[in-house]
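Read-outs: derived from the displayed coordinates by stated rules, not from any lab. Keep in mind it's a predicted model, so treat the numbers as computed, not measured. Glycine gets a Cβ as well: all are built from the backbone with ideal geometry, and neighbour counts include every protein chain shown.
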Amino acid sequence: MCCSSRWSRCCLEGVSTREVPTYCRICEPLCGLIATVEDGRLVRLRADKEHPLSRGNACPKGIAFTDIQNDPERVLYPLRRTASGEFERVSWDTALDEIGARLRALIDEHGIESLGWYFGNPSSFSYSHTLWMVGFQMAAGLKHVYSAGSQDVNNRFVASELLYGSLTSVPVPDLDRTDFLLMLGANPVVSHGSVMSVPRVREKLTAITGRGGRVVVVDPRNTETAKLFEHVGVQPDGDAWLLAALLQVIFEEGLEDAEAVRRQATGGHELRRAVARFTPEATAAVTGLEPDRVRALARDLARAESAAVYGRTGTCLGRHATLVAFLIDALALVTGNLDRPGGCVFGKELVAVSKLNARLGLVGYGKNRSRIGGFPDVLGTFPAAVMAKEITTPGPGRLRALFTSAGNPVSSVPNGRELASALGQLDLFVSIDLYVNDTNRGADYVLPATTFLERDDIPLPFAALSPTPYTQYTEPVLAPYGEAREEWWIIDALATRIGVQPFAFGPTRPAGRLLGALRRRVPGLGSARPTPSLLVDLALRTGPYGDLFGLRRKGISLRMLRRHPHGVVLADRIETGVLRDVVQHKGGRVRLDPDEIVLELSVLAARPADPAYPLRVIGLRELKSHNSWMHNVEQLMRGDREHAARINPKDAAVAGISDGERCRVTSPHGSIEVTARLTEDMVSGAVAIPHGWGHHGGWQLANAAGGANVNDLMSTDIADIEPLAGMSNLNGIPIRLDPLP
Ligand SMILES: Nc1nc2c(c(=O)[nH]1)N[C@H]1C(S)=C(S)[C@@H](COP(=O)(O)OP(=O)(O)OC[C@H]3O[C@@H](n4cnc5c(=O)[nH]c(N)nc54)[C@H](O)[C@@H]3O)O[C@H]1N2
Ligand SMILES: Nc1nc2c(c(=O)[nH]1)N[C@H]1C(S)=C(S)[C@@H](COP(=O)(O)OP(=O)(O)OC[C@H]3O[C@@H](n4cnc5c(=O)[nH]c(N)nc54)[C@H](O)[C@@H]3O)O[C@H]1N2
Ligand code: SF4
Ligand SMILES: [Mo]
């Protein structure tokens with residue numbers, strides 16, 4: 001099956017064993033793995049020493065994926081819910097034909113706008129899943145599309161739209177060359193880095209201080225990352241104030257790189273005016289930080305030889321998420337650190353999506369508005385926080401049939417209880433997943449997806465996010481277990497049944513003529529059609545690193561990548577001096593004063609204190625959990641793992657709670673019970689609780705792990721959804737702690 005695999009024969013019983021290089025698709029470093037396969041079954045995963053960047057490094061989750069691949073509780077056959085609420089096995093034909101018939105009836109009665117899709121985080125690691133999802137959305141004209149993005153990163157995209165006129169152009173910190181990294185709301189030592197694709201990220205960070213530089217971590221918790229470097233214990237959701245104060249000091253003291261601001265941007269004066277009131281003194285009550293410390297930080301950052309500013313989920317899930325993402329890049333630009341070595345730099349895409357999109361305007365920002373709340377779409381998706389109300393609110397355009405793929409929104413979006421109850425009101429609910437999870441347990445059908453080891457892949461969106469540009473193509477390592485199928489195949493099969501075909505442009509259109517040559521017969525899908533690998537090969541070959549069908553020596557194509565099964569480094573480092581090419585605004589300059597941002601700064605006000613809810617809850621990721629879906633793995637759940645809230649001892653004392661006791665956490669929106677773990681790591685006022693616990697699915701070990709869904713504390717009130725990007729507010733929510741008897 002794989003040209004790169006090494007075969008050996010076990011002399012005893014003729015068992016065939018293969019060692020196949022591939023890569024992990026659980027999180028963003030995409031570490032190289034070697035899979036040991038015996039007679040079509042995975043027996044082991046280990047780190048790939050020959051991978052050019054991860055070089056023999058992988059984390060416990062990647063290695064433990066063997067147990068997910070082989071989990072007896074994995075869904076391997078299409079399931080249909082019976083009248084008694086149990087699932088029964090049905091054939092693919094039965095499932096697809098029945099779903100198709102129900103969809104056609106719904107569309108006849110209520111139109112295509114009654115149909116919706118939520119795709120979760122693991123989809124972003126599958127090029128074929130995302131490609132076919134987008135193809136289906138465009139071909140069918142789907143409006144109700146939701147994703148994990150509104151709980152994760154859409155604010156980052158909208159900030160890029162405002163700054164650069166290019167939603168998908170996101171700068172990354174140039175870790176290998178920077179002298180100063182200011183990191184807000186990220187814990188890469190545990191998360192392994194996000195919106196930057198950096199194998200061995202811990203080494204990259206310690207190398208900065210090793211060569212005499214600094215790493216400053218702004219976080220309400222003294223995290224595993226902060227402990228290695230310098231910690232600034234900000235109050236939850238204080239980042240907008242802190243960043244504005246840093247800019248204020250820099251402008252006031254004339255520390256800005258005036259030449260860079262003039263050359264790269266417009267609106268510098270307006271930004272300066274907009275931040276003028278945010279002095280370190282004026283913001284101290286919100287940030288919880290000493291004014292002198294903020295001043296010193298601003299000076300050090302501005303004077304550093306080179307500096308990068310980087311923020312991740314801790315800065316994306318507050319009430320001002322888009323503003324914060326905007327100010328992060330503005331700070332880099334104003335200090336002369338945007339698009340220069342050691343600063344924040346723009347990687348080159350494998351497929352020129354940003355440019356193509358800017359030219360063709362395929363998906364963007366605010367092309368549509370959500371029915372509930374009137375939120376602008378981001379890359380064709382609406383805030384997942386309105387999904388429940390889109391189902392329960394009567395009227396034209398009501399969401400009546402929902403598909404979820406690679407998602408567990410009851411666990412991951414705000415107010416899981418509301419969503420769980422709304423799902424029960426759907427006319428049709430279909431899920432494509434590896435498991436019966438906390439969301440699809442009430443679905444009409446659960447369709448079995450292949451794991452990442454059972455599909456071919458190339459990490460399309462991640463090449464531009466790697467300080468050392470690289471890529472890797474992998475063939476499937478295993479044939480699908482049971483009757484698992486790839487998402488793109490399932491999407492295509494469903495689409496066909498409602499008369500829609502992704503990527504089927506009419507034969508008279510130029511794209512149609514081109515794609516005409518790119519058709520292949522696929523088992524189970526009827527007539528010849530475009531396939532993901534045909535399309536991606538074309539896109540790669542004509543892309544920025546492509547071989548241009550032979551015109552560019554050493555350019556890439558799938559064929560070329562197959563010859564390098566451990567991955568290929570595409571360049572030593574990200575090119576700088578590319579800003580004019582990145583920025584799509586007329587005039588080619590970054591906008592520092594978009595109306596949305598200037599307005600938000602002018603009205604920015606702290607949430608009034610409520611004595612009934614004196615503390616704030618924030619998130620926390622743990623090394624051996626992955627969002628909601630790795631709690632069924634025995635290796636990862638060994639030891640004393642339990643769902644616990646991290647609380648500062650002073651706050652616990654006020655609430656009358658001791659270490660190890662159970663306590664009740666109450667917000668204005670809900671209430672959960674967790675174990676209290678007291679730690680000086682938390683700033684006083686902030687309580688950290690991991691998400692993705694409190695399971696009720698088809699995964700017994702996960703169910704038995706206990707815990708609670710922290711998102712039951714979160715709100716889906718329209719006023720609580722961040723207006724610019726539709727971000728869910730999951731960090732900094734006011735809470736109260738009470739002891740449990
Ligand atoms: N082990 C593990 N790794 C993962 C995941 C996982 O679940 N487990 N999930 C993956 C996913 S989907 C993602 S998106 C990435 C996320 O990658 P990261 O964002 O690096 O991961 P987190 O650990 O959530 O780090 C967020 C940090 O923000 C802090 N924080 C919370 N509120 C605030 C605030 O208001 N201001 C500031 N400045 N900080 C705040 C938290 O204390 C936390 O330390 O991780 C990925 N990697
Ligand atoms: N309070 C709070 N909430 C959060 C966050 C937070 O920091 N705090 N973080 C948010 C973030 S950053 C994210 S990304 C979201 C994640 O939110 P979601 O993406 O909704 O949920 P996951 O927990 O990642 O669940 C992924 C599902 O995909 C399935 N799966 C795994 N691999 C595959 C595959 O290859 N194919 C298919 N079809 N299914 C697969 C798993 O079995 C699981 O059911 O959670 C968000 N929610
Ligand atoms: S760090 Fe992420 S990509 Fe690397 S092995 Fe662990 S889970 Fe997989
Ligand atoms: Mo995420």
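Below, the figures for the structure above:
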| read-out | value |
| --- | --- |
| If the convex hull is drawn through the Cα atoms of region 615-739, its volume per residue in Å³ | 115 Å³ |
| Per-residue Cβ neighbour rank within 10 angstrom, fewest leading, 283, 679 | 679, 283 |
| Dipole magnitude of region 338-494, debye to nearest 20 (Cβ charges: Lys/Arg +1, Asp/Glu -1, about Cα centre) | 820 debye |
| Label-point gap, in nm, between residue 635 and residue 554 - each point 7 angstrom along Cα→Cβ | 3.7 nm |
| Sorted by Cβ density within 10 Å, fewest first, the residues 223, 266 | 266, 223 |
| Most positive-pole-ward Cα, 345, 567, 236, against dipole of the chain from beta carbon charges | 567 |
| Bridge type composition, the chain - antiparallel percent by DSSP, nearest 5 | 50 percent |
| Whole-angstrom Cα spans of the chain along principal axes, big to small | 69, 68, 62 |
| 646, 580 arranged by Cβ crowding within 10 Å, fewest neighbours leading | 580, 646 |
| Simple Cβ-charge dipole of region 587-741, Lys/Arg +1 and Asp/Glu -1, about Cα centre, in debye nearest 20 | 320 debye |
| Contact order normalised by residue count of the chain, Cα under 8 Å, 6+ apart, percent | 18 percent |
| Local net charge near residue 532, Cβ-Cβ under 12 Å (Lys/Arg +1, Asp/Glu -1) | -3 |
| Under 10 Å, Cβ to Cβ, from residue 246 - net charge with Lys/Arg +1 and Asp/Glu -1 | +2 |
| Too-long pairs where the Cα-Cα distance tops 27 Å, listed order kept, from 143/624; 61/227; 61/554; 204/227 | 143/624; 61/554 |
| Positive dipole terminus of region 575-692, leading residue within 674, 633, 606 (C-beta point charges) | 633 |
| Dipole-positive endmost among 705, 719, 729 within region 615-739 (Cβ charges, Cα centre) | 705 |
| Summed residue charge, Cβ within 12 Å of residue 336's Cβ, Lys/Arg positive, Asp/Glu negative | -1 |
| Dipole moment magnitude, nearest 20 debye, the chain about Cα centre, only Lys, Arg, Asp, Glu C-beta charged | 2040 debye |
